[in-house]
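Let me begin by presenting the structure, written as structure tokens, before commenting on it.
The values are calculated or read from the model by the stated rules, or taken from the named source; none is laboratory data. Since this is a predicted model, take the numbers as computed values, not measurements. Positions of Cβ are backbone-derived with ideal geometry, glycine not excepted, and every protein chain shown enters the neighbour counts.
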Amino acid sequence: MGRGMATGDGALLGRTRGDPRPGPWIAGSTAVLLVLTALIGLPLLTSGEGWSAWTVQSHVDGSATVRIRDLREAAGLERRLSEAGVAAHVTFAPEGKRCANGTGPSDVDQAAISVSFAEDAIVIHIGRFGDGSRLALVAFLLVGGGVEVDAAVVPRERPRCALRPL
């Protein structure tokens, strides 16, 4: 089991010589490119998966890296972690809230998780852990500004963070 906690502010185009018009393949490939851009780009912009809010990168050794840029779409991040093979409970807590005793990542020893703050994101490195465990990740907005992140590998049966007022 492990725990990490941190606080911070924070193709060359060819044409026949002498022919000023682009060849028909250029117009066709441009149309295909526009269609692909629409098919790929539109879901990213409208998916509701928090695309710009966070990213999850899986590594071949079974570990993962999460970059959180905005505390929104916790359910989407939880779903994406599951797709990456990481069982998780994710909670983004509003200002003035904490996990109730016995819930969330509190009171667990440190090892498989490291949390750091980059210039534009919270970066969480998650090592491999056993099937009987899950990642508990809670990011708290602090009164007066700032963010505190508490992440731990906890027993699978440990309850999700139940928020309570400070």
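Looking only at the stretch 78-86, decide whether some residue is part of a strand (DSSP E or B), touching a strand residue (DSSP E or B) at 6+ places or on another chain (Cβ under 8 Å) and either at negative phi or surrounded by fewer than 18 Cβ atoms within 10 Å (Cβ to Cβ) (or both).
no
Which one of these does Gly145 not meet: (1) outside any loop (DSSP other than H, G, I, E, B); (2) farther than 19 Å from Glu73 by Cα; (3) not hydrophobic (A, V, I, L, M, F, W, C)?
Here Gly145 meets the rest and fails (1).
Go through (1) of a type outside the set (D, E, K, R); (2) at pLDDT below 90; (3) out of contact with any Cys (no Cβ under 7 Å at 6 or more places or on another chain) one by one and return the number of the condition Thr55 breaks.
Result: Thr55 fails condition (2) only.
Might you check whether a residue that is at pLDDT below 90 and not in a loop (DSSP other than H, G, I, E, B) occurs anywhere in the stretch 159-166?
So far as the stretch 159-166 goes, no, none of its residues is at pLDDT below 90 and not in a loop (DSSP other than H, G, I, E, B).
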